[in-house]
Amino acid sequence: MSRWKSDVGSSEITPESLYVSRRKFIGGAAAIGVTALAGWKGLEMLSPEESVSAGAKLNFAKGPFSTDEKQTPLKDVTSYNNFYEFSTDKYGPAELAGNFQPRPWTLTLDGDVKKPKTLDLDAVMKLAPLEERIYRLRCVEGWSMVIPWVGYPLNALLKQVEPLGKAKYVEFTTVLRPEQMPGQKRDVLVWPYKEGLRLDEAMHPLTIMAVGLYGEVLPNQNGAPMRLVVPWKYGFKSAKSIVRIRFTDKQPATAWNLAAPNEYGFYSNVNPEVDHPRWSQARERRLGEFLKRKTLMFNGYGEQVASMYAGIDLRKNY
Ligand SMILES: Nc1nc2c(c(=O)[nH]1)N[C@H]1C(S)=C(S)[C@@H](COP(=O)(O)O)O[C@H]1N2
Ligand SMILES: [Mo]
């Protein structure tokens, strides 16, 4: 039996629970008086309180792979979250993430690489041109969203440190700050939260490091100041508030795999044909919609990613 308590009951979202959102997200440019800034450089002018409030505008170009499906309203994207470092309640992160300080921040890239590096947030944001990518995000619990992320391909970051030939996997570590993240005081997961990808998955052009959504700096509850987005995998692979990326020759242990190995495998590709042991994965509810829709293989990104799994049994490697 896992020590992780199922949340699936609360994933049965009624339209009411969305429209009558229990807590109102406070933030946005208007609320904090940040005028449109001339790109990421403007961020340096923001005090930590301003930058954590989200609302600083980002400069970006339209990127590839975007869906033209209806986007999930910003208020749902920022008020209905999974971020166990703050709370296991979906509405908890928006309420509890206000004291979290995403600046200053450093990201360390190390392990099996030729040139390990630690970059500050500005260096990360400067590294490659920011793009908007409108991706579907499918939570393992049966709900999904369409979110316009702002970021760039993770491979731009990974290439910086020149991975060695023996590096086969990449491990991602979330920040450990129990004083700012009250959920870390309870052992619902092994902290810090870790996730992992095979190196080819991490290098895939669909995989992004996101620093914003809806054109603005990431709200804390969505993983400020930088989080992974891996759109063909269940949402929990998209680790938030990342401080370390470690290259390794061994498949890394992940928070969810440690919590419930029979439920959450390393791959976690969105797969309507492989049920979760406690529920079907065949359908999903798009936040804000009443009727469920069919879940697509690889969350609809099969054309881009299926070839990476040729010859792999996706029932065994769930
Ligand atoms: N560090 C960390 N990252 C995390 C999680 C978490 O609890 N902690 N939850 C995951 C899950 S289960 C989902 S569905 C997505 C939700 O992202 P969103 O809140 O931005 O929609 O974040 C993922 N990343
Ligand atoms: Mo999730």
Under-5 Å amide H pairs with residue 196, H placed in peptide plane, nonlocal only: 172
Stretchable slack from residue 282 to residue 312, in nm (0.36 nm times residue separation minus alpha-carbon distance): 8.7 nm
Surface share of carbon and sulfur [accessible, 1.4 angstrom probe, percent] for the stretch 140-220: 57 percent
Stretch gain in nm, segment residue 203-residue 179, where the contour uses 0.36 nm per residue and the Cα spacing is subtracted: 5.3 nm
From phi via Karplus (6.51, -1.76, 1.60), per-residue ³J(HN,Hα) for the stretch 234-245 in Hz, x at Gly/Pro: 4, x, 5, 6, 8, 4, 9, 6, 7, 10, 8, 10
Rounded to whole Hz, the Karplus (6.51, -1.76, 1.60) HN-Hα couplings of the stretch 277-287, x for glycine and proline: x, 10, 6, 6, 10, 5, 10, 8, 10, 6, 3
Gained length - residue 118 relative to residue 65, 0.36 nm times residue gap less alpha-carbon distance: 16.1 nm
Charge sum, other residues only, whose C-beta stays under 10 Å from residue 63's C-beta, Lys/Arg counted +1 and Asp/Glu -1: 0
The stretch 56-66 - phi-based ³J(HN,Hα) in whole Hz, Karplus 6.51/-1.76/1.60, Gly and Pro as x: 5, 7, 10, 9, 7, 9, 6, x, x, 6, 6
R0 of 35 Å, Cβ-Cβ distance residue 303-residue 162: FRET efficiency to nearest 0.05: 0.70
Accessible area per residue, Å², the stretch 90-241 with all protein chains present, probe 1.4 Å: 30 Å²
Pairwise FRET efficiency - residue 186 versus residue 293, Cβ, R0 = 22 Å, nearest 0.05: 0.05
Sequence-distant residues sharing a close amide H with residue 111 (under 5 Å, placed H): 247
Cα gyration tensor shape for the stretch 222-273, rounded if a/c is under 1.5, else prolate or oblate: oblate
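The values are calculated or read from the model by the stated rules, or taken from the named source; none is laboratory data. Small disclaimer: the values here were computed from a predicted structure and weren't measured. Note that we place each Cβ from the backbone using ideal geometry, even for glycine, and neighbour counts take in every protein chain shown. When the accessible area is computed, the model is the full protein with side chains, heavy atoms only, and any ligands, DNA or RNA have been set aside. Shrake-Rupley method; radii C 1.70, N 1.55, O 1.52, S 1.80 Å.
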